[in-house]
Amino acid sequence: MLHIKNYINGKLVEPQNGNYVDNINPSIGKKYGVIPDSDEADVQLAIEAAKKAFPVWSKMSDQKRSNYLLKIADLIDKKLDQLALAESQDNGKPVWLATQVDIPRAAANFRFYATAILHDSTETHSMGELALNYTLRQPIGVAGCISPWNLPLYLFTWKIAPALASGNTVVAKPSEVTPATAYFLSEICIEAGLPEGVLNIVHGLGGKVGSAIVSHKDVPTISFTGGTSTGKEIAKIAAPMFKKLSLELGGKNPNIIFADCDFEKMLEITLKSSFANQGQICLCGSRIFIEKPIYEKFKTAFVERVKKMKVGNPNKKVDLGAVVSEPHMQKVLSYIELAKEEGGTVLCGGKRVHPEGEFADGYYIEPTVIEGLAFDCRTNQEEIFGPVVTIMPFETEAEVLTYANSTMYGLASTVWTSNLQRAHKIAAELHTGIVWINCWLLRDLRTPFGGVKSSGVGREGGFEALHFFTEPKNVCVKL
Ligand code: NAD
């Protein structure tokens, strides 16, 4: 049994109330550990520790802070296998995926911001002989970082690394559904000798620990990734307190396929953009629009390939492991039922899978392809966040843009075409924060990352994140 503890003021500690909640392994559908059911009192201790650590950490040289973060990155690399296995047990994703993507990216996040901070600079604005302005970018104080369950360590560190690099101290909360790698990260921080109180990790439920962080007067900045409805709740609390907010929320991303695309390449990547991580990536393309001349060809080839995808034991070379939890599995299955009620035809998949042996009670769903739905029905407007895609034909650019831009979300989109002129034109017209042309999830960490409309507020990535975690101050010197 994995007994997870909070990481407060440099130490691993039990929650003060002594309460725990179960941690379930979704690939077998059984409890395999416990996590602290922390409350306001633990958050208070964490914030006090972070406040105490702030003066020294924020005034430390960038080079010295960078060295600590690089050490953490190296230790993550060293523990790749242990962390990948833990991520898979906690989340249900294939071990190979965590080994190739999640854990290396967590190390890359620390390394990227540990070095970015050494290359950041600020501006001066000369007023000739009259005066000189220069900008200071100062860390804000205690940053609150709250992350979801789909890419647990990857997204947790994507917030923590820039917050720490820019000189803030942090109180962080991983998802209660996938707390394990955040716990191992606290062990790594101890091993790396990170000064006490610089990073504090409080485990527990969103409504208790998350809201205690968000509503605390001594946490002036919040970086949150999760669902749009949670984002709304957070904004309601944070707005009247004038907190700085970065919100990375849900998506319902369009994948637009023109007849002139490289068909084989598109097919290969569309399988990934539809079903990678069981479709539980906020960037997955869940609405696939295909130009009419190749609709039937795409449908036949895509469904044939999807039917061959392997679902099951995440320790093996499967395409899909388990979805994250029983309630989430039920939610995804209920959307498949809704799609049928709305007149959709399930071309393949659509059901729960019971793999052999100890995995029979895990939460597995077949990759599912649905056609015949209107672009504005609920199935095509609401985020399902599972291995379910819909396919739809279109005739003109104007028509597909109407479909693509019709949801309340605006995170990412993908366009497949060999006509570069059209690609640029469509990219400019799509209401999303990210557009991939002839690729998907090709990430350069220097680029701005985030969504528009109900997909979020603000941008992460590159200097955007470093700047989010600092306040610019203009100093005007009369000459
Ligand atoms: P969620 O909103 O339920 O939870 C996210 C985190 O917020 C968890 O740590 C949770 O405990 C905490 N939380 C819950 N209620 C809270 C409250 N009232 N106050 C403060 N914190 C609270 O989301 P989830 O189900 O864990 O994640 C899935 C969602 O995340 C999907 O909608 C997905 O699209 C989104 N997501 C977005 C991005 C992005 O970059 N835009 C990336 C990954 C996931």
Specify which residue in the list 344, 362, 327 is farthest towards the positive end of the charge dipole of segment 325-378, using unit charges on the beta carbon of Lys, Arg (+1) and Asp, Glu (-1), about the Cα centre. 344
If you filter segment 339-412 for GluC sites (Glu not before Pro), then keep DSSP loop positions with at most 13 other Cβ within 10 Å, what is left? 356, 395
Pairs of Cα atoms farther than 20 Å apart, segment 228-287, %: 47 percent
Hey, quick one: spin label on residue 244, modelled 7 Å out along Cα-Cβ, who in segment 123-149 has an amide N within reach, i.e. under 14 Å? 136-145
Give me the Debye-computed log₁₀ of I(q)/I(0) at q = 0.22, 0.23, 0.24, 0.26 Å⁻¹ for segment 84-163, equal point scatterers on Cα only, no solvent, two decimals. -1.00, -1.05, -1.09, -1.17
For the chain, with only Lys/Arg (+1) and Asp/Glu (-1) charged at the beta-carbon, what is the dipole magnitude about the Cα centre, in debye rounded to 20? 680 debye
Using alpha carbons only, how many degrees (0 to 90, rounded to 10) separate the axis of helix 80-91 from the longest principal axis of the chain? 60 degrees
Label model pair residue 134, residue 345: point-to-point distance (7 angstrom along the Cα→beta-carbon line) in nm is 7.0 nm
Pairs of alpha carbons in segment 147-189 whose separation is greater than 11 Å (percent): 64 percent
Quick one: what do you get for the chain if you divide its Cα Rg by 2.2 N^0.38 Å? 1.00
With runs of 4+ DSSP H residues as the only contributors, calculate the mean residue ellipticity of the chain at 222 nm using -39,500 (n - 2.57) per run, divided by the residue total and rounded to the nearest 500. -11000 deg cm²/dmol
Which whole-angstrom value gives the distance between the alpha carbon centres of segment 387-443 and segment 58-76? 39 Å
Find which of 43, 60, 411 sits farthest along the positive direction of the dipole of the chain, computed with +1 on the beta-carbon of Lys and Arg, -1 on that of Asp and Glu, about the Cα centre. 60
Ignoring ligands, DNA and RNA, please state the percent of accessible area on the chain from carbon and sulfur, probe 1.4 Å. 56 percent
Going residue by residue through segment 26-36, the Karplus relation 6.51 cos²θ - 1.76 cosθ + 1.60 with θ = phi - 60° gives ³J(HN,Hα) values, rounded to whole Hz and with x marking Gly or Pro, of x, 6, 10, x, 10, 5, 9, x, 10, 10, x
Which listed pairs, of 208/331; 252/331; 307/351; 299/340; 265/307, have C-alpha distances above 21 Å, in listed order: 208/331
C-alpha long axis of helix 152-165 to longest principal axis of the chain, angle in °: 30 degrees
Roughly how many nanometres apart are two label points built 7 Å out from the Cα toward the Cβ at residue 418 and residue 259? 1.4 nm
To the nearest 10 degrees, how steep is helix 228-238 against the longest Cα principal axis of the chain, on a 0 to 90 scale? 20 degrees
Can you give the charge dipole size of segment 47-130 about its Cα centre, rounded to the nearest 20 debye, using +1 on the beta carbon of Lys and Arg and -1 on the beta carbon of Asp and Glu? 320 debye
Given 31/79; 78/244; 308/425, the pairs whose alpha carbons are separated by over 27 Å: 78/244; 308/425
What distance in nm lies between label points placed 7 Å from Cα along the C-beta direction at residue 425 and residue 56? 6.2 nm
Relative contact order (%) - criterion: Cα under 8 Å, at least six apart; region: the chain: 19 percent
For segment 139-232, report the translational diffusion coefficient in µm²/s to the nearest whole number, using Stokes-Einstein at 25 °C, 0.890 mPa s, and a Kirkwood Rh over Cα pairs. 186 µm²/s
Please report, in debye to the nearest 20, how large the charge dipole of segment 342-453 is about its Cα centre when each Lys and Arg carries +1 at its beta carbon and each Asp and Glu carries -1 there. 440 debye
For segment 431-472, with +1 on Lys and Arg beta carbons and -1 on Asp and Glu, the positive-most of 465, 451, 436 along the dipole: 436
Under 5 Å between amide H atoms, partner at least 5 residues away or on a different chain: which partners does residue 370 have, H built in plane at 1.01 Å? 347, 389, 390, 391
Run a plain Debye calculation on segment 9-132 (Cα atoms as equal point scatterers, no solvent) and give log10 I(q)/I(0) at q = 0.20 Å⁻¹, rounded to two decimals, same order as the q list. -1.19
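The values are calculated or read from the model by the stated rules, or taken from the named source; none is laboratory data. Because the structure is predicted, anything quoted here is derived from the model rather than measured. Neighbour counts run over all protein chains shown; Cβ positions are idealised from the backbone, glycine included. Note: areas computed on protein heavy atoms with side chains; ligands, DNA, RNA excluded. Shrake-Rupley method; radii C 1.70, N 1.55, O 1.52, S 1.80 Å.
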